[in-house]
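What follows is one structure encoded as structure tokens, with my remarks underneath.
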Amino acid sequence: MLHLLQPKKNLLLLPALLFMLLVPVIGGEVPVDTEYNDGPYIFYQGDSLEARWVCNGNAIITRHSSDDSIFPNTKCGKISTVPKIRHFGDEAEPAEFTDVPKIAALSDIHGQHEIFIRLLTAHGIIDQHGHWSWGNGHLVIVGDILDRGPRVMETLWFLYSLEAQANAAGGRVHVLLGNHEVMVLQGDLRYLHPKYEFVAKTLNTDYDELFSKKSVLGRWLRTKPVALKINDFLFVHGGIHPQMLELGLSFTDLNTTFQSGLDYSREAIDQDEGLDFLYGGRGPIWYRGYFPGEKNELNDLKPILAAFGVQRIVVGHTSMEVVSAFHGGRVLAVDSSIKRGETGEILIWEGGEFFRGTLTGERMLLGQ
Ligand code: ZN
């Protein structure tokens, strides 16, 4: 059942109205756009769910039973019936898979939802209706869905839904944590698109609270790994610095240790040697040293490949013009600058070969 809660709506509107009045005085740092639509941000409320939306610039709250099937979109309360809201505990997602026949990977979507969808459609990973159509293939999002661009929620809910469809078809969708997911979860909001500053103000909260442990997507993100192994490939947003191996973490412990720090304050992270490394510049979400001229550049990847028992490492984070191979094909870089909102590519591995997949659906053998 859907209920509109008028009193709360008015309460939420008040700060937004006050804010709109104040904007000219404080210099209009945040554009006020009454056309903004966003959400829903869904929160667990005891046995029910509360959805907070921004509709034409106004806050709306709807209540749902936890059994409701909600397909969240941004069309202002237009709710259709696809995936059921799933309930996530503290269980981490599995992060090791073998015998996977085909893999696609991209990263750094950063709110450019349209390009993301065009890439998946052009390569038959989804059909014209946006539904999974890649059978037992695995799609990997190598981090950085959040920040920068204006259509972040669309991508998050789309992936939330696609995961269930892929699972049902014997395939899989993997979402890896990037530095921008971690920044938002930890309250570092420097890279928000102005739309999301507006959304947070309109919903009378801080943006990171919209992804707190009380929210469906916040809890979902907290189950995501920082590193993933499929066949003999390792996927990680930034890269693995050899010093990380000195922490002596098993692959599983790398993910659980990283996840354990997601809700720590910066001070608490600083005081923990392992977390300080994992969340720092040489840690898996920030490191860029596989590329020429970057800080802490690395020439010998063998110890890392050996430690993880893999042949290749797939990374995002460091922007390229196109999907590219480095170190004789040992490193595959999939951040193809989708964040600029102009173009982008997807890495495809099928029949034992790597391809650059373009927006027009072309596949080009990846030169190594
Ligand atoms: Zn990044």
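Report, by residue number, each residue of the range 262-284 that is assigned to a loop (DSSP other than H, G, I, E, B) and surrounded by fewer than 18 Cβ atoms within 10 Å (Cβ to Cβ). Before the answer, list the steps.
Pass one, the range 262-284, residues assigned to a loop (DSSP other than H, G, I, E, B): 262-265, 271-272, 279-284.
Within the range 262-284, 263, 264, 265, 271, 272, 280, 281 meet the criteria.
Filtering the range 341-368 to residues that are touching a helix residue (DSSP H, G or I) at 6+ places or on another chain (Cβ under 9 Å), at pLDDT 95 or above and surrounded by fewer than 16 Cβ atoms within 10 Å (Cβ to Cβ) leaves 342, 360, 361, 362.
Can you find a residue that is under 28 Å from residue 267 (Cα atoms), open to solvent by less than 20 Å² (accessible area, probe 1.4 Å), in contact (Cβ under 8 Å) with a residue 24 or more places away in the chain and more than 16 Å from the ligand (Cβ to nearest atom) anywhere in the range 178-199? Within the range 178-199, one or more residues are under 28 Å from residue 267 (Cα atoms), open to solvent by less than 20 Å² (accessible area, probe 1.4 Å), in contact (Cβ under 8 Å) with a residue 24 or more places away in the chain and more than 16 Å from the ligand (Cβ to nearest atom). Tell me, please, whether a residue that is assigned to a loop (DSSP other than H, G, I, E, B) and either surrounded by fewer than 23 Cβ atoms within 10 Å (Cβ to Cβ) or within 16 Å of the ligand (Cβ to nearest atom) (or both) can be found in the range 152-168. Scanning the range 152-168 turns up no residue that is assigned to a loop (DSSP other than H, G, I, E, B) and either surrounded by fewer than 23 Cβ atoms within 10 Å (Cβ to Cβ) or within 16 Å of the ligand (Cβ to nearest atom) (or both). Just so you know, in the range 285-327 the residues that are open to solvent by less than 10 Å² (accessible area, probe 1.4 Å) and in a strand (DSSP E or B) include one that is nearest to the ligand (Cβ to nearest atom), and it is 315.
When residue 54 is tested against (1) open to solvent by 20 Å² or more (accessible area, probe 1.4 Å); (2) in contact with a helix residue (DSSP H, G or I) (Cβ under 7 Å, 6 or more places away or on another chain); (3) modelled with pLDDT of 85 or more, exactly one condition is not met: (1). Filtering the range 333-367 to residues that are within 16 Å of the ligand (Cβ to nearest atom) and either part of a strand (DSSP E or B) or of a type outside the set (Val, Ile, Thr) (or both) leaves 333, 335, 336, 337, 339, 340, 344.
Residue under question is residue 252, and the condition is that it be under 26 Å from residue 213 (Cα atoms) and either away from the ligand (no atom under 14 Å from the Cβ) or buried (at least 17 other Cβ atoms within 10 Å of the Cβ) (or both); does it hold?
Numbers: under 26 Å from residue 213 (Cα atoms): yes; either away from the ligand (no atom under 14 Å from the Cβ) or buried (at least 17 other Cβ atoms within 10 Å of the Cβ) (or both): yes.
Considered against the rule, which asks whether it is under 26 Å from residue 213 (Cα atoms) and either away from the ligand (no atom under 14 Å from the Cβ) or buried (at least 17 other Cβ atoms within 10 Å of the Cβ) (or both), residue 252 comes out as yes.
The values are calculated or read from the model by the stated rules, or taken from the named source; none is laboratory data. As the structure is a prediction and not an experimental result, all values here were calculated from the model. Cβ coordinates were reconstructed from backbone atoms using ideal geometry, including for glycine residues, and neighbour counts include every protein chain displayed. Ligands, DNA and RNA are stripped out before the accessible areas are found, and what is left, the full protein with its side chains, is counted by its heavy atoms. Shrake-Rupley method; radii C 1.70, N 1.55, O 1.52, S 1.80 Å.
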